[in-house]
Structures are given as C-alpha cells and as structure tokens.
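The structure appears right after this line, and notes come after that.
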Amino acid sequence: MFDSHTHCLRRNAIVDIDPVGKDWKLRLHKGYFYSVGIHPWNLFKATPADILMLQALAAEPQVLAIGECGLDPKIEGSESLSRNEIIEAQTTLLTFHISISERLSKPLILHIVKAYPEIIALRKSLRPAQPWIIHGFRGKPQLARELLAHGFHLSFGTKYNPASLALTPPSRLLRETDEMP
C-alpha cells in the first residue's frame, strides 16, 4: 500500500517536508517522493526565504503534491489574535499554495481543523482543477459525505471513523501513516 502522507524518509510513500525552520542544505533523495508546503501552525514563523524554497522545491519532479497546508485556528503563540484573524492570514498563505498546485498540476494536501465551512467555501469559490485531499480525516460520516459532495478526497491515518472510511469511494480514498521520525 502506498502511504500518501508521512514525515519519515522511506520508499513507497509521499514524504512531507516543510521549509520553515529547516536547514535547507537538504536535498531531495533519488528514488523518493515528496510533498512540500508550509504547515498552518508555521504561518507566523515563515520567512521570505522559506517561501522561495517552497516554490523551488514544488517544481521538482519528485514532489508529487503541494502541502501539508491549510487552516487551523489553534496556533501556539497567537493568543492575542482572534479566530478570524488567524483564519484570514492562513487563507492568504493557503491561496498561495493553491496557486502553486494549479500552476504545477499537483494535488493539494490539506490540514484542516475546525475550519471545514471555510475550506468548502474556498473550494466552491476557486473551483480548482487539482484534487484537494483532507489529510488525516477523523470526522463523522455526515462531514465525510459533505466533503465528498464538494469534490474533496479523504486520507485516513491510524485514527479514523470506520463509518466514514466505509462510505468513501475508492477513487477518493487515500491511506497514510502521518508517521514522525
């Protein structure tokens, strides 16, 4: 089985890399596949150099997807900001990821926490050509049905709702470990 999202360097998987806070002397290893994106938790840590590295890595043929990116109103160190301010700032960064996804014809891997109405509205307004994958989906069947009706793909890790997994069509289903090194 192909692992659609992990943080460990291994074959038969898409290894997630986030340029924020990394020593970017890193090189992409031959024979491995990657996704690249700035995690929503890293929004306020990202530098212009991180953005440039994201763009450069995204264009590499070994990078199969853009992300993990998305919306999550709970960011450590952002207690002085309202939920709306956080989501607005994350949406700006997410829109940048979406533009890369569309330009390079690569799927988008999304980290979404307590922001499903916002991501559904964004998808409806932008009408992307590329698949949008909800990473680590644990939601109830009602939410799974709603996301599937709006064209999302669902990726299930080690913790998931079995009823949601059962109703997800194979063509929109991915499996992941989200394993950390």
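Okay, residues lined up against (1) touching a residue at least 60 places away in the same chain (Cβ under 8 Å); (2) assigned to a loop (DSSP other than H, G, I, E, B); (3) closer than 17 Å to Glu68 by Cβ:
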site: Lys114; (1), (2), (3): no, yes, yes
site: Ile120; (1), (2), (3): no, no, no
site: Lys124; (1), (2), (3): no, no, no
site: Ala129; (1), (2), (3): no, yes, no
site: Arg138; (1), (2), (3): no, yes, yes
site: Glu146; (1), (2), (3): no, no, no
site: Gly151; (1), (2), (3): no, yes, no
Checklist outcome for this item: Of the candidates Gly67, Gly77, the one satisfying the condition of being out of contact with any Lys or Arg (no Cβ under 8 Å at 6 or more places or on another chain) and crowded, with 21+ Cβ neighbours inside 10 Å is Gly67
Next on the checklist: One residue is enough: does segment 104-112 have a residue meeting the conditions out of contact with any helix residue (DSSP H, G or I) (no Cβ under 7 Å at 6 or more places or on another chain), part of a loop (DSSP other than H, G, I, E, B) and among the β-branched types (Val, Ile, Thr)?
Outcome noted: no
Checklist outcome for this item: The correct count of residues that are buried (at least 16 other Cβ atoms within 10 Å of the Cβ) and of a type in the set (S, T, N, Q) in segment 25-57 is 2
Checklist entry - Does segment 139-147 include one or more residues that are open to solvent by 10 Å² or more (accessible area, probe 1.4 Å) and at positive phi? => result no
Next on the checklist: Here are the criteria: (1) assigned to a loop (DSSP other than H, G, I, E, B); (2) in contact with a Ser or Thr (Cβ under 9 Å, 6 or more places away or on another chain). Tell me which single one Leu43 does not satisfy.
Outcome noted: (1)
Item to check | Residues that are open to solvent by less than 20 Å² (accessible area, probe 1.4 Å) and part of a strand (DSSP E or B), drawn from segment 153-171 | outcome: Leu154, Ser155, Phe156
Checklist outcome for this item: Conditions (1) under 21 Å from Gln55 (Cβ atoms); (2) part of a loop (DSSP other than H, G, I, E, B) -> Glu179 fails only (1)
Next on the checklist: Looking for something of a type in the set (Val, Ile, Thr) and over 22 Å from Pro117 (Cβ atoms) - is there at least one such residue anywhere in segment 71-82?
Outcome noted: no
Item to check | Unique residue being among the acidic types (Asp, Glu), under 11 Å from the mean Cα position of the chain (by Cα) and at negative phi when the list is Glu68, Glu88 | outcome: Glu68
Next on the checklist: For segment 70-87, check the following and say yes or no: at least one residue is in contact with a strand residue (DSSP E or B) (Cβ under 6 Å, 6 or more places away or on another chain), of a type in the set (A, V, I, L, M, F, W, C) and outside any helix (DSSP H, G or I).
Outcome noted: yes
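The values are calculated or read from the model by the stated rules, or taken from the named source; none is laboratory data. Bear in mind the structure is a predicted one, so any value in this text is a computation, not a measurement. Methodologically, a virtual Cβ is constructed for each residue, glycine included, from the backbone with ideal geometry; neighbour enumeration extends over all protein chains shown. Each accessible area value is taken on the protein alone, full model and side chains, heavy atoms only, with ligands, DNA and RNA left out. Shrake-Rupley method; radii C 1.70, N 1.55, O 1.52, S 1.80 Å.
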